[in-house]
1. Name every residue in segment 22-74 that is buried (at least 18 other Cβ atoms within 10 Å of the Cβ), under 14 Å from residue 111 (Cα atoms) and either in contact with a strand residue (DSSP E or B) (Cβ under 7 Å, 6 or more places away or on another chain) or acidic (Asp, Glu) (or both), in order of residue number.
2. Whether any residue in segment 128-138 is touching a His at 6+ places or on another chain (Cβ under 8 Å) and either surrounded by fewer than 17 Cβ atoms within 10 Å (Cβ to Cβ) or hydroxyl-bearing (Ser, Thr, Tyr) (or both) is what I want to check.
3. For segment 86-108, how many residues meet the condition of being assigned to a helix (DSSP H, G or I) and closer than 13 Å to residue 60 by Cα?
4. Tell me which residues, restricted to segment 1-22, are in a loop (DSSP other than H, G, I, E, B), under 15 Å from residue 158 (Cβ atoms) and out of contact with any Phe, Trp or Tyr (no Cβ under 7 Å at 6 or more places or on another chain).
5. Residues of segment 127-149 being touching a residue at least 24 places away in the same chain (Cβ under 8 Å), under 16 Å from residue 85 (Cα atoms) and not in a strand (DSSP E or B), which ones?
6. Looking at 86, 10, can you tell me which residue is in contact (Cβ under 8 Å) with a residue 40 or more places away in the chain and surrounded by fewer than 17 Cβ atoms within 10 Å (Cβ to Cβ)?
7. How many residues are in a loop (DSSP other than H, G, I, E, B) and touching a Leu at 6+ places or on another chain (Cβ under 7 Å) if we restrict to segment 50-68?
Amino acid sequence: MTISDLNSEDYNPFYKSYIDYNGDSTLLESLSNGLLQIDHLFLTLTESNLKVAYAPLKWTIAEVLIHLADTERIFQYRSLCFSRGDNTALPGFDENAYVPNSNATNRTLISIKEELIDLRKSTLSLFKSFSPEQLKAKGLASGSEMGVAASGFILSGHLTHHFNIIETRYLKK
């Protein structure tokens, strides 16, 4: 499945920029590429980088990375529910409320890297388990309809988006 297989009812327009990061890759290629992105980024990070924010009142790198972990879990759950035909409307989440309670400031570089790798491997396993019909399933999250495949592409693009921000604003590459 590629993004050309999605239609406008599969996701809220808010997520289009995340989906567009995937280009012509298949869903599983996009999700797998995230593992390479994680490895690549963590080659350039140090423990001291984790505490860096690029401006006052902005998240630190550690907080951005834990936000990615939180989002991965939430979108996994959404995908699981929708793929199983659960019609429960799922709530949104306020990432700005999650960050202060994330314990990001007490995390090590290796613990965050391992968590992100484990989560992405889990996401890959979940999406590999879906049938073509399950990938087309939809549900309601954050007040909008969302498709299972779209949620995977969103996760992939979300990681790329935040890694680009880390590299350009925090590490100034």
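1. Answer for segment 22-74, where residues must be buried (at least 18 other Cβ atoms within 10 Å of the Cβ), under 14 Å from residue 111 (Cα atoms) and either in contact with a strand residue (DSSP E or B) (Cβ under 7 Å, 6 or more places away or on another chain) or acidic (Asp, Glu) (or both): just 63.
2. Within segment 128-138, none of the residues are touching a His at 6+ places or on another chain (Cβ under 8 Å) and either surrounded by fewer than 17 Cβ atoms within 10 Å (Cβ to Cβ) or hydroxyl-bearing (Ser, Thr, Tyr) (or both).
3. Result for segment 86-108: 6.
4. Once the filter is applied, which keeps residues that are in a loop (DSSP other than H, G, I, E, B), under 15 Å from residue 158 (Cβ atoms) and out of contact with any Phe, Trp or Tyr (no Cβ under 7 Å at 6 or more places or on another chain), segment 1-22 yields 11, 12, 21.
5. 127, 130, 132, 134, 135, 137, 148, 149
6. Going through 86, 10 in turn, just one is in contact (Cβ under 8 Å) with a residue 40 or more places away in the chain and surrounded by fewer than 17 Cβ atoms within 10 Å (Cβ to Cβ): 86.
7. Residues flagged as in a loop (DSSP other than H, G, I, E, B) and touching a Leu at 6+ places or on another chain (Cβ under 7 Å) within segment 50-68 amount to 1.
Read-outs throughout are calculated quantities, based only on the coordinates presented, and are distinct from any laboratory measurement. Given the structure is predicted, the values throughout are model-derived calculations rather than measurements. Methodologically, a virtual Cβ is constructed for each residue, glycine included, from the backbone with ideal geometry; neighbour enumeration extends over all protein chains shown.
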